[in-house]
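Scroll down for the structure; my scribbles are underneath it.
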Amino acid sequence: MKDTYISEAVKYIGADDTTLDLFESQYQIPNGVSYNSYVILDEKVAVMDTIDERKTDEWFANLENVLNGRTVDYLVISHLEPDHAANIKRAADKFPQAQLVLSAKAKAMLPQFFDIAHLEERCLVVKEGDTLELGTHKLHFVMAPMVHWPEVMVEYEETEKILFSADGFGKFGALSAEEEWTDEARRYFINIVGKYGVQVQTLLKKAAALDIQTICPLHGPVLKENLGFYIGKYLTWSSYEPEEDGVLVACASIHGNTKAAAEKMVEVLRANGASKVVFMDLTRDDMAEAVADAFRYGKIILAAASYDAGVFPPMEDFLHRLVHKNLQKRTFGLIENGSWAPCAARGMKGILEGMKEVNVCENVVSIKSTMKDTDVAKMEELAKEILA
Ligand SMILES: Cc1cc2nc3c(=O)[nH]c(=O)nc-3n(C[C@H](O)[C@H](O)[C@H](O)COP(=O)(O)O)c2cc1C
């Protein structure tokens, strides 16, 4: 279990979910996920977000335990997505004197989710630079529009120097899971917030002006040490610059011949001195991880079967996801396979045209049904070109 102790005054009241099959109905989470929420105990008591419906009872029990008979003065709402906001109405009903502290956009969106009585009087709308005194603790509000959703804001508590970072610095994996941060944080960030690199960079610039000693995200561990490492990863991911030197080989094969060629390409790349080569079978491996790998490495070889005068759908899906997530600044190499009129390369190129700052290697490997020596020779040329 990750250490969730923050301080005498700031308490973790979130919960692990290890039985959810798919996060946001599409992302595999083999080690679950945590829904984080925090309480600041001072002259006034502030609850920092609620959690997912699935863990309602556990959250209220944790909250009651920390409150120890006190009541809630403020419910700070950073983000209205249901994995954080599901219990807003229940909390508002249970603590009728509590004010809901939120951005103007969140206030406008709130009635779409909940029918909260006397909403006008209950809301304390905050904007960029506003502060809220709780006693010795003082929250500063920093707007973070489209760091996932438009209503998002983050909060900086100046006394303990804590950034409550909403979905920023979040990660898949329950707090009970023993796993390192980077891979599951990357898979989370790229797939969920990856499209909004510009907005993340804007937020990081604002954060750079703050003295942050602890980051309290809405998923994943509380970050207390080595914060430069985590912030550095976010700077890289949100800039769309490759994180590491290496080549991703991603293949989509119906009967295995394109896959055999892609595996051969891995060997050829290694033999030509590639520092690192990662292989992904898009028909079976986790698509979200393949997308994250495309952000991780600067060079990508795509190998796909031709299909109905186009591209085999798992490759099409992969490429559309990359376009959707705004991937840019990459070099691609293409391998196609077809039994009568190979056309996957043309189809893949067409989708890549939707990306910014993309180079496509001139050497295209075009296989007819099964790989031949002439195809391997072409792979050698492609390897030399992409590694140059
Ligand atoms: C549904 C379907 C559609 C296909 N469409 C095309 C096509 O449009 N053009 C082509 O040359 N081959 C087409 N093929 C054939 C495959 O692309 C070809 O057999 C290729 O070698 C398959 O490689 P694999 O062994 O990796 O699946 C199609 C195959 C299937 C099953």
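Please find the FRET efficiency linking Glu353 to Gln201, where r is the Cβ-Cβ separation and R0 is fixed at 25 Å, and quote it to the nearest 0.05. Spell out each step's value before the answer.
On the way: r = 25 Å, r/R0 = 1.00.
So the FRET efficiency works out to roughly 0.50.
Among the aspartates and glutamates, select those whose C-alpha is under 17 Å from the C-alpha of Lys356, and discard any that sit fewer than 8 residues away in the same chain.
In chain and number order, the partners are Glu241.
Which shape class, rounded, prolate or oblate, goes with the chain when its Cα gyration tensor gives a ≥ b ≥ c as root eigenvalues, a/c under 1.5 marks rounded, and past that a/b bigger than b/c marks prolate? It would help to have the intermediate numbers written out before the result.
Numbers: a/c = 2.62, a/b = 2.41, b/c = 1.08.
Note, shape of the chain comes out prolate.
At a 1.4 Å probe, what is the % contribution of carbon and sulfur to the accessible area of the stretch 10-239? The partial results should precede the final answer.
On the way: 4490 of 8890 Å².
Using a 1.4 Å probe with all protein chains present, the stretch 10-239 comes out at 51 percent carbon and sulfur.
Applying 1/(1 + (r/R0)^6) with R0 = 22 Å to the Cβ-Cβ distance of Ser275 and Glu241, what FRET efficiency is obtained, to the nearest 0.05? Display every interim value, and only then the final one.
Working: r = 17 Å, r/R0 = 0.76.
According to the calculation, E is roughly 0.85.
Treating only the Cβ of Lys, Arg, Asp and Glu as charged (+1, +1, -1, -1), what charge dipole size does the chain show about its Cα centre? Round to the nearest 20 debye.
Values: 41 positive and 60 negative charges, 204 e Å.
That gives a dipole near 980 debye.
Measure nothing fancy, just the Cα-based angle from helix 181-193's long axis to the longest principal axis of the chain, in degrees from 0 to 90, nearest 10.
Roughly 90 degrees, rounded to the nearest 10.
In the stretch 244-387, what % of DSSP beta bridges are antiparallel (nearest 5)?
Details: 2 of 29 bridges.
So the antiparallel bridges amount to about 5 percent of the total.
On C-alpha positions alone, give me the angle between the axis of helix 257-271 and the longest principal axis of the chain, in degrees, nearest 10.
That works out to roughly 90 degrees.
Roughly how far apart, in whole Å, are the Cα centres of the stretch 1-60 and the stretch 321-388?
Between the Cα centre of the stretch 1-60 and that of the stretch 321-388, the gap is 43 Å.
In square angstrom, what is the accessible area per residue of the stretch 244-387 with a 1.4 angstrom probe? Present the calculation step by step, with values, prior to reporting the outcome.
Details: 6170 Å² over 144 residues.
Heavy-atom accessible area per residue stands at 43 Å².
I want the antiparallel fraction of DSSP beta bridges within the stretch 1-129, as a percent rounded to 5.
Details: 12 of 21 bridges.
Bridges in the stretch 1-129 are about 55 percent antiparallel.
Is the stretch 339-388 rounded, prolate or oblate when judged by the Cα gyration tensor, a ≥ b ≥ c being the square roots of its eigenvalues, rounded requiring a/c under 1.5 and prolate requiring a/b larger than b/c? Walk me through the intermediate numbers first.
On the way: a/c = 4.39, a/b = 1.25, b/c = 3.53.
It comes out oblate by the Cα gyration axes.
On a full-extension model of 0.36 nm per residue, what is the gain between Trp340 and Glu58, subtracting their alpha-carbon distance, rounded to one decimal in nm? Before the final figure, lay out each step's value.
Values: separation 282, 0.36 × 282 = 101.52 nm, distance 5.94 nm.
Going from the current span to full extension adds 95.6 nm.
Express in whole angstrom the spacing between the alpha-carbon centres of the stretch 212-264 and the stretch 278-307.
12 Å
Pop the C-beta distance of Ser7 and Met146 into the FRET formula with R0 = 35 Å and round what comes out to the nearest 0.05. Intermediate results must be reported in sequence, preceding the final value.
Numbers: r = 31 Å, r/R0 = 0.89.
Plugging the Cβ-Cβ distance into 1/(1 + (r/R0)^6) gives 0.65.
Using Cα springs under 10 Å in a Gaussian network model of the chain, which residue among Gln201, Gln97, Gln328 shows the largest mean-square fluctuation?
Gln97
Which of rounded, prolate, oblate describes the stretch 32-179, given a ≥ b ≥ c as roots of the alpha-carbon gyration tensor eigenvalues and a/c under 1.5 marking rounded, otherwise prolate only if a/b is larger than b/c?
Values: a/c = 1.14, a/b = 1.11, b/c = 1.03.
Because its axes are fairly even, with a/c under 1.5, the stretch 32-179 counts as rounded.
Quick one: check the C-alpha center-to-center distance for the stretch 81-108 versus the stretch 162-191, whole angstrom.
About 24 Å separates the Cα centre of the stretch 81-108 from the one of the stretch 162-191.
Over 30 Å between Cα atoms, which of Lys205/Lys384; Lys171/Lys299; Lys44/Lys233; Lys55/Lys224 qualify?
Lys205/Lys384; Lys44/Lys233
With labels modelled as points extended 7 Å from the Cα through the Cβ direction, what inter-label distance (nm, one decimal) is found for Glu362 paired with Arg284?
3.7 nm
What is the extension gain from Glu121 to Asp93, computed as 0.36 nm multiplied by their sequence separation minus the C-alpha to C-alpha distance, in nm to one decimal? Kindly include the intermediate steps, with their values, before the conclusion.
Working: separation 28, 0.36 × 28 = 10.08 nm, distance 1.39 nm.
Result for the pair: 8.7 nm of gain on full extension.
Please identify every one of the trypsin sites (Lys or Arg not before Pro) in the stretch 137-172 that sits in a loop by DSSP and has no more than 13 other beta carbons within 10 Å of its own beta carbon. If you can, show how the numbers build up before the last one.
Numbers: sites: Lys138, Lys161, Lys171; in loops: Lys161, Lys171.
Loop-located and lightly packed - Lys161.
Tally the DSSP beta bridges in the stretch 10-239 and give the antiparallel ones as a percent, rounded to 5.
Values: 24 of 36 bridges.
Taking every DSSP beta bridge with both residues in the stretch 10-239, the antiparallel ones total about 65 percent.
List the residues whose amide H sits under 5 Å from the amide H of Ile301, counting only those 5 or more places along or on another chain, with H placed 1.01 Å from N in the peptide plane.
Amide H neighbours of Ile301, under 5 Å, 5+ apart: Leu248, Val249, Ala250, Gly333.
The values are calculated or read from the model by the stated rules, or taken from the named source; none is laboratory data. These figures come from a predicted structure and were not determined experimentally. For neighbour counting, all protein chains shown are included, and Cβ atoms are generated from backbone atoms with ideal geometry for every residue, glycine included. The protein model used for the area step is the full one, side chains on, heavy atoms only, and it has no ligands, DNA or RNA in it. Shrake-Rupley method; radii C 1.70, N 1.55, O 1.52, S 1.80 Å.
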